[in-house]
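Working notes, structure below.
Values quoted throughout were computed directly from the atomic coordinates according to the rules given, and no laboratory measurement underlies them. This is a predicted model, so every value here is computed, not measured. Note that we place each Cβ from the backbone using ideal geometry, even for glycine, and neighbour counts take in every protein chain shown.
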Amino acid sequence: MPPEPPPTPWTLAPAPDDYPHDAWGAGADLEPGTLLAAYRAGLFPMRVDDDLIWWSPAQRGVVSVAAYRPSRSLRRTRRAFEIRIDTAFADVIRGCADPQRPHGWIDEEFVAAYCALHEHGWAHSVEAWDEDGLAGGLYGIGIGGLFAAESMFHRRTDASKAAFLGLIEVLQGAGGERLLDVQWSTDHLASLGAVEVGRAEYHRRLAAALTLPDAWDTAL
């Protein structure tokens, strides 16, 4: 595990299993210790207008890593790119934060916060490269057996899918029942294997995943 940053001064309690809403709290900050405490409690931040909201979806999108088997077309897509880990984290998050993307919410404060977490060794990027450079990628938070995927982007067709399979390869290579959290399932993520689980089941899987060793020491 990377070194722990200074602890958060905020109390970030998990949402109760039967809480009916996705938004659980507001405020606090995006310091490394706060972010790590939040993910360990099953929370993640997104801004709504000017408010920093902490989310715990009642139905959480997850991918079953150990049982994951990519389709033939996804394996073919993966071979078209070179997959790299943590060589261009800032470029990946800025690709995800492109203001021309629809429904963009990643602002400069988020970019700085997750870059700081990356510098501490807790945030990671999986990148798809081709002969023209960075073609796409994704980033997220790795804590023990949890990888909380935050966002992905592509500049070339299917590059983000190749990065997704690269992430699966990293997590499978680490062994154990890794938890790949994708927040909310969408049609696109469902096509990549995401399913929904209730908050109680998510909390159960999270608790187990947090006991596992870090997946990224051997991947870098």
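What net charge do the residues around Gln59 carry, taking every other residue with its C-beta under 11 Å from that of Gln59, with Lys and Arg at +1 and Asp and Glu at -1? For residues surrounding Gln59, the net value is -1. In terms of its C-alpha gyration tensor, region 5-66 comes out oblate, because a/c is 1.5 or above while a/b does not outweigh b/c.
For Leu138, the shell of other residues with beta-carbons less than 9 Å away shows a net charge of -2, using +1 for Lys and Arg and -1 for Asp and Glu.
Our helix-only sum for the chain, with -39,500 (n - 2.57) per DSSP H run of n ≥ 4 divided by its residues, gives a mean residue ellipticity at 222 nm of -9000 deg cm²/dmol. The alpha-carbon positions of region 134-220 define a convex hull whose volume is 88 Å³ per residue. Counting Cα-Cα pairs of region 17-101 in 10 Å increments starting at 0 gives whole-percent bin shares of 13, 27, 36, 21, 2. Normalised by the number of residues in the chain, the average gap of Cα pairs under 8 Å and 6 or more apart makes the relative contact order 25 percent. How much of the DSSP beta bridge set in region 65-215 is antiparallel, as a percent to the nearest 5? Here the share of antiparallel DSSP bridges comes out near 85 percent. Explain nothing, just the number: dipole magnitude of the chain about its Cα centre with +1 on each Lys and Arg Cβ and -1 on each Asp and Glu Cβ, in debye rounded to the nearest 20. With only Lys, Arg, Asp and Glu charged at Cβ, the dipole is about 1040 debye.
Relative to the current alpha-carbon distance between Asp91 and Gln59, full extension at 0.36 nm per residue lengthens the span by 8.4 nm.
Taken over region 61-209, the ratio of Cα radius of gyration to 2.2 N^0.38 Å equals 0.99.
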